[in-house]
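Beneath this line is the structure, given in structure tokens, with notes to follow.
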Amino acid sequence: MDLELLAARLKSARKLRKKTLEDVASAVGLNKSTIQRYETCKIANPKLPIVRAMGEFLSVNPQWLIGEDEQMEPYDTQSELERYLYLLETRPELRALLKSVDGASPSDIKAVMDFFTALRSNG
């Protein structure tokens, strides 16, 4: 985990959402000084549940905070699931594709995904 990136993104998100150190501390059950230490890169081993709670309070993607995702806004998993369900209901070829990979190994599924990615980029 990139501690400097976490510190910068946490402070940026807090300021963007117009929250104080006290606001964040109160929301996640920590002291203001602890939040300040997160923002100044003085926490050697950030605890993921704390980072997740801060991300949720600041309405940012916790994976973005720690540098594992470039999407700052949290994912709307419910609407994403609804979209995929709609696609499965309306596109028989997608249902067939999903059935064809049921039980496949992770490496086989990755190969299929790589194949489709290559197809789309050459399209």
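All of the numbers you see were taken from the coordinates with simple rules; none came from a lab. Just so it is clear, the structure is predicted and the values come from calculations on it, not from any experiment. Every residue, glycine among them, receives a Cβ derived from its backbone with ideal geometry; neighbour counts consider all protein chains shown.
Annotations
- Applying the criterion of being touching a residue at least 12 places away in the same chain (Cβ under 8 Å) and loosely packed, with under 12 Cβ neighbours inside 10 Å to the residues of the range 68-86, the residue that is farthest from GLU4 (Cα to Cα) is TYR75.
- Residue selected from the range 24-47 under the condition among the charged types (D, E, K, R) and closer than 17 Å to ILE66 by Cβ, by the criterion surrounded by the most Cβ atoms within 10 Å (Cβ to Cβ): GLU39
- All helices (runs of 4 or more DSSP H) inside the range 1-109 with 2 or more residues being more than 19 Å from the chain's Cα centre (by Cα): 21-28, 32-39, 77-90, 92-101
- Criterion applied to LEU21, LEU16, LEU65, LEU94 was being surrounded by 12 or more Cβ atoms within 10 Å (Cβ to Cβ) and either basic (Lys, Arg) or farther than 30 Å from GLU4 by Cα (or both), and the one residue passing it is LEU94.
- The range 1-21 residues that are under 18 Å from LYS42 (Cα atoms), paired with ones that are of a type outside the set (A, V, I, L, M) and outside any helix (DSSP H, G or I) (beta carbon under 6 Å, 6 or more apart): ASP2/GLY67; LEU3/CYS41; GLU4/CYS41; LEU5/GLY67; ALA7/CYS41
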